[in-house]
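Encoded as structure tokens, the structure appears first; notes follow it.
What follows is calculated from the coordinates using simple rules that are stated; it is not laboratory data. Owing to the predicted nature of the structure, the values given are computational and were not obtained by experimental measurement. FYI the Cβ positions are ideal-geometry reconstructions off the backbone, even for glycines, and counts take in every protein chain you see.
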Amino acid sequence: MKNKTIQHVFAITMPIFLVAMLTGCSDEVTRKLALERVAQARLELKEVRALGVAVSDKEMYELTDKKFIEGKDNVDNEDYERAQKCWEEFEVLIGRIKTDLKDAKNTASNAEKKAQEKKDQLAAEQQALLDQQKRDAAAKLQAEMEARARAEAEAAKAKSELESEKQSKADLDAKAAADAKAKAEADAKAKAAAEASNSKPILVDVFTPDMANKTVIIKHAETLSKIARLVYNNSERWRDIYKLNKKVIKNPNVIQPGMKLVLPPK
């Protein structure tokens, strides 16, 4: 905006300055216009100096300063024709400086743009790496959770199987205990029955000396030796009983209830 203002002022004052020179205007007007040109050139020089930090061609600045001083001296000496030539050369130098500044600014802008693109690319790569690390961490965590779940399921299964095995063993032990108890009870009953049978008469009739050769019915399971001991008070007489009852007795050690036996005399 400032450059456009200065150019606009030059566009207005330069023709006036030239017209004043060609038409022989009063010296006061000519000098006033020339001094205005000096002031404008000073402002423009100050402006490019402020903007010229990026310009490395110091020789061009020195030459511009030289032309400004030369033009100013010519104005002071009222040599306006030579001053005009100085201003024309001054404008060329200012134009070159501005072009250099523009090129430098474009170069800096391009460099900044490339730097920003590189920065953005690096940030994108870092973000992609971070995202990948997050995905890897999530996958690892998922795998660990699944492995833990499998381990817990296997442990629960093993525990269930162990408890089932213990229960089965307990059931078997309980069954064995029940069977043992039932057997013990059965044995106890059998023993009690046997003991009770020993206290009861083994025959239907009561033996007397005159019961020789009498037929009797066996009431309880017995042996011939026991019958002989009870009847004759001599277990060896089982043979006598056996001789009389061979047709009925097949095993002298097994006498079944209901058998009809003939007893020999005492």
- What are the lysines whose alpha-carbon lies under 16 Å from the alpha-carbon of K169, with same-chain residues fewer than 8 places away excluded? K159
- Kirkwood Rh and Cα Rg combined as Rg/Rh, segment 209-262: 0.91
- Query: For the peptides 123-131, 254-262, what is the packing order when you average, over each peptide's residues, the other Cβ atoms within 10 Å and list the highest mean first?
  - Reply: 254-262, 123-131
- Message: Give the lysines whose C-alpha is closer than 24 Å to that of K250, dropping any in the same chain fewer than 8 places away, or say none.
- Response: K214, K219, K226, K260, K266
- Identify all aspartates and glutamates with a Cα-Cα distance to K72 below 15 Å; exclude those on the same chain that are fewer than 8 residues away in sequence. E36, E44, E81, E88, E89, E91
